[in-house]
Amino acid sequence: MTPFIAEILGTALLITLGCGVVANVILNETKGNNSGWIVITTGWGLAVYVAVVVAGPYSGAHINPAVTIALAVAGSFSWEAVPSYLLGQFIGAMIGALVVWLVYKDHFDRTDDTGLKRAVFCTDPAISNTFRNFLSEVVGTFVLVFTVLYFTDASIADTESVIGLGSLGALPVAFLVWSIGLSLGGTTGYAINPARDLGPRIMHAIMPIKGKGDNNWGYSWIPVIGPIVGGILAAALAMALA
């Protein structure tokens, strides 16, 4: 297991279970149909738990480009390793999206609402407002990354250690993401992860999903740039307070 493979597997598990819980709640004729926001946020939190358990020992389980970039900005992660981590995260996210479609294909076929089909894969704002939608993603990711840096103190115990979400232990990270979803996720669906949104959005565009509608590319930059900005701001504040 290499860090690159660990990031692929971890992110694939994250998206399989995270987008999977969305599919279970919003697609027609599923066992979990209409079970609500609490189920979705809990599912995403537990998806992070599973991903961190698997990837943590090998890559630090960043499973999020915003986390990887923020750790590099904070001087806690090598910039040379950033491209491979980001590539692994996007590959994993796309694999996870494919798995969700294969598992729930019958329910996609029985769902007419194109917006619901897209929502399984990527985020959309509840109320379209570019500034506030962007702010929502910045703030949510700021909370995520700042808390990660606070828990770990942005330090490496020895030369063999890999800093990242895995250094926290899986359960605290799950609670952190669950809290963000419950408290801040109602505006945009809390992507707080560029790979989580863009990878599945690309798969939505290229997969033969019956009656899938458009991909809302005009919005797609917000859940990519917003989390990166939020992560960098969190890293900057953490360094200023150190």
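Among the DSSP helices (H) of the chain, those spanning at least 30 angstrom by Cα along their long axis with an average Kyte-Doolittle hydropathy of 1.0 or more are 3-26, 37-59, 130-152; this is a geometric and hydropathy rule only. Taking Rh as the Kirkwood radius, which is the inverse of the mean 1/r over Cα pairs, what is the Rg/Rh value for the chain? Value, to two decimals: 0.96.
Highest mean packing comes first when the peptides 138-147, 211-220 are listed by Cβ atoms within 10 Å, giving 138-147, 211-220. Seen from every direction in turn and averaged, the convex hull around the alpha carbons of segment 176-230 projects onto 4.4 nm².
In plain terms, the chain is cut at each of the GluC sites (Glu not before Pro) found in a DSSP loop with at most 12 other Cβ atoms within 10 Å, and the longest leftover piece is 30-159. For segment 110-153, the Stokes-Einstein estimate of translational diffusion at 37 °C and a viscosity of 0.692 mPa s comes to 257 µm²/s, using the Kirkwood hydrodynamic radius over alpha-carbon pairs.
Along its principal axes, segment 90-136 has C-alpha extents of 36, 29, 9 angstrom, given from the largest down. Averaged over residues, the count of other Cβ atoms within 10 Å places the peptides 228-236, 35-43 in the sequence 228-236, 35-43, highest first. Note: segment 1-142, Cα convex hull, 118 Å³ per residue. Per-residue extension of 0.36 nm, minus the Cα-Cα distance of S179 and I206, leaves a gain of 6.5 nm for this segment. Fully extending the segment from T114 to A240, taken as 0.36 nm per residue of separation minus the present Cα-Cα distance, adds 40.8 nm.
Once a ≥ b ≥ c are taken as the square roots of the eigenvalues of the Cα gyration tensor of segment 60-107, is the result rounded (a/c under 1.5), prolate (a/b larger than b/c) or oblate (a/b not larger than b/c)? Verdict is prolate for segment 60-107.
Each reported figure results from applying straightforward, stated rules to the coordinates on display, with no laboratory input. Bear in mind that the values here come from a model prediction, so they are computed numbers and not experimental data. Positions of Cβ are backbone-derived with ideal geometry, glycine not excepted, and every protein chain shown enters the neighbour counts.
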